[in-house]
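The values are calculated or read from the model by the stated rules, or taken from the named source; none is laboratory data. In this text the structure is predicted, and so the values were computed from the model without any measurement. Using ideal geometry, Cβ is built from the backbone for each residue, glycine included, and neighbour counts are taken over all protein chains shown. These area figures cover heavy atoms from the full protein model, side chains too; ligands, DNA and RNA do not enter into them. Shrake-Rupley method; radii C 1.70, N 1.55, O 1.52, S 1.80 Å.
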Amino acid sequence: MLLPPFHAGFGSNVHMGDDFFGNVNLTFVDGVDIRTGDGVMITPSVTLTTTGHPVHPSRRTDFGRFSEPIVIEDRVWIGGNAVVLPGVRIGYGSAIGAGSVVSRSIPPMTVALGAPCRVVRAITDEDLATRTAEGQAASSRREPTP
């Protein structure tokens, strides 16, 4: 499922797995392949861009650019307003926090967030019983009920 509006530079370089969900304002800058696995969920206003521009101004003459593919493995969740940059691979089951700028690859089964995006912790079986990181911390501090 892909909710409108969505934007793609070409569209032909975007390859989505089964059970893909892309919320509103998803942007694909697909100069080369963007590949998503199965069960990927992307929330509103996320940008996946395979194309960038060189830092040195003389390399940007005539709009010089480079493109590197993006791979998002199965069961990844990407929070709102995140930006995924060229050459990034996001590993199986990972969660990317809202507003993150993902400039390097993220290992499987981790929570990563920030600008620049950094891994903050592993995803574990304890996460099966909680909704948020805050909920997990609160539940570990609660006294048992009689």
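I'm checking my understanding of the structure. Among residues of segment 25-67 that are open to solvent by 50 Å² or more (accessible area, probe 1.4 Å) and either hydrophobic (A, V, I, L, M, F, W, C) or touching a Phe, Trp or Tyr at 6+ places or on another chain (Cβ under 7 Å) (or both), which one is modelled with the lowest pLDDT?
Here the residue is Phe63.
Quick one: is His7 open to solvent by 30 Å² or more (accessible area, probe 1.4 Å) and without any contact (Cβ under 8 Å) to a residue 12 or more places away in the chain? Before the answer, list the steps.
Working: open to solvent by 30 Å² or more (accessible area, probe 1.4 Å): yes; without any contact (Cβ under 8 Å) to a residue 12 or more places away in the chain: no.
Considered against the rule, which asks whether it is open to solvent by 30 Å² or more (accessible area, probe 1.4 Å) and without any contact (Cβ under 8 Å) to a residue 12 or more places away in the chain, His7 comes out as no.
Just give me the residues in segment 46-99 being without any contact (Cβ under 8 Å) to a residue 24 or more places away in the chain, in contact with an Asp or Glu (Cβ under 9 Å, 6 or more places away or on another chain) and of a type in the set (Lys, Arg), in sequence order.
Arg89
Using the structure shown, decide if Gly22 is within 27 Å of Ile123 (Cα to Cα) and surrounded by 18 or more Cβ atoms within 10 Å (Cβ to Cβ).
For Gly22, the condition - within 27 Å of Ile123 (Cα to Cα) and surrounded by 18 or more Cβ atoms within 10 Å (Cβ to Cβ) - is met.
Go through segment 32-74 and give me each residue that's more than 25 Å from Ala95 (Cβ to Cβ) and touching a strand residue (DSSP E or B) at 6+ places or on another chain (Cβ under 8 Å).
Kept after step one, since they are more than 25 Å from Ala95 (Cβ to Cβ), are these residues of segment 32-74: 32, 51, 53-67.
Passing the criteria: Val32, Thr51, His53, Pro54, Arg65, Phe66, Ser67.
Quick check on Arg104: is it in contact with a Ser or Thr (Cβ under 9 Å, 6 or more places away or on another chain), in a loop (DSSP other than H, G, I, E, B) and charged (D, E, K, R)?
Numbers: in contact with a Ser or Thr (Cβ under 9 Å, 6 or more places away or on another chain): no; in a loop (DSSP other than H, G, I, E, B): yes; charged (D, E, K, R): yes.
The answer is no for Arg104.
If I ask for residues that are under 23 Å from Gly93 (Cα atoms), in a loop (DSSP other than H, G, I, E, B) and open to solvent by 50 Å² or more (accessible area, probe 1.4 Å), which ones from segment 10-19 would you list?
Met16, Asp18, Asp19
How about segment 68-90: which of its residues are surrounded by fewer than 19 Cβ atoms within 10 Å (Cβ to Cβ), assigned to a loop (DSSP other than H, G, I, E, B) and of a type outside the set (Asp, Glu)?
Selection gives Pro69, Gly79, Gly80, Asn81, Gly87.
Just checking, does segment 25-34 include any residue being without any contact (Cβ under 8 Å) to a residue 24 or more places away in the chain, among the charged types (D, E, K, R) and part of a loop (DSSP other than H, G, I, E, B)? Spell out how you get there, then give the answer.
Of segment 25-34, the ones without any contact (Cβ under 8 Å) to a residue 24 or more places away in the chain are 25, 27-30.
Subsequent filtering for residues that are among the charged types (D, E, K, R) retains 30.
Add one more test, that the residue is part of a loop (DSSP other than H, G, I, E, B), and what stays is 30.
Yes, segment 25-34 has at least one match.
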